[in-house]
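The values are calculated or read from the model by the stated rules, or taken from the named source; none is laboratory data. Given the structure is predicted, the values throughout are model-derived calculations rather than measurements. In this analysis, Cβ positions are derived from the backbone assuming ideal geometry, glycine residues included, and neighbour counts consider all displayed protein chains.
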Amino acid sequence: MKNKLAIFDLDGTLFDTKQVNYQAYRDALGRYSIELSEEYFFSNCFGRYYKDFLSEIVKDTLLIEKVHLVKKNIYSKMLDKSKKNIHLFNFIEAIREDYYIAIVTTASRKNTMDILEYYGYETYFDMIVTAEDVINMKPYPDGFLYVMKRFNINAENTSIFEDSPIGIEAAKDTGAAVFTVNQF
């Protein structure tokens, strides 16, 4: 029985998906004649829950959901623009005998599984928590706390790997050790 836990964010931590997400949202919004600049996306959207940032771009709640559905379907066609964090996956291999390994992401389950399948990691993690699994997204710590509770691992024995300010904020609120991924 393992008594340690390592939790990883998906986008920007395990995988560089900036261009995948930007181009998928740009194309989805473009179908409704709404422009999205790369600069705006990376400054204001990337790493945030879609309902939070799309509501700043699109005022119609129904259109937000339509845009997000289109984005989810486009996403899998753009995964060749992503990059795996080889160093972090090597690290996971080194600790997996002693640690439960989990993902906590604001991404949808569909897009999470799309990228994991693309790289052959669909069964690699002990637990995957996506946007559909918790009520309060990052910057709230709910996703991390849910995994910690599920494995009955306290903050003292948990390490969280994050890249975005809101993810780091959420991770710190758990009391666990937090490691920031800046680039790879």
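Things worth noting here:
- Residue within segment 140-159 that is under 17 Å from F15 (Cβ atoms) and out of contact with any Cys (no Cβ under 6 Å at 6 or more places or on another chain) present: no
- All helices (runs of 4 or more DSSP H) inside segment 1-107 with 1 or more residues being in contact (Cβ under 8 Å) with a residue 40 or more places away in the chain, over 26 Å from F184 (Cα atoms) and among the acidic types (D, E): 18-30, 50-57
- Of all positions in segment 122-144, at least one carries a residue that is assigned to a helix (DSSP H, G or I), under 24 Å from K2 (Cα atoms) and aromatic (F, W, Y).
- Candidates in segment 159-184 are the residues that are in contact (Cβ under 8 Å) with a residue 40 or more places away in the chain and of a type in the set (F, W, Y); of these, the one that is surrounded by the fewest Cβ atoms within 10 Å (Cβ to Cβ) is F184.
- Flag for K66 being outside the structural domain of K149 (by TED's automatic domain parsing), within 27 Å of E122 (Cα to Cα), in contact with a helix residue (DSSP H, G or I) (Cβ under 8 Å, 6 or more places away or on another chain) and not acidic (D, E): no
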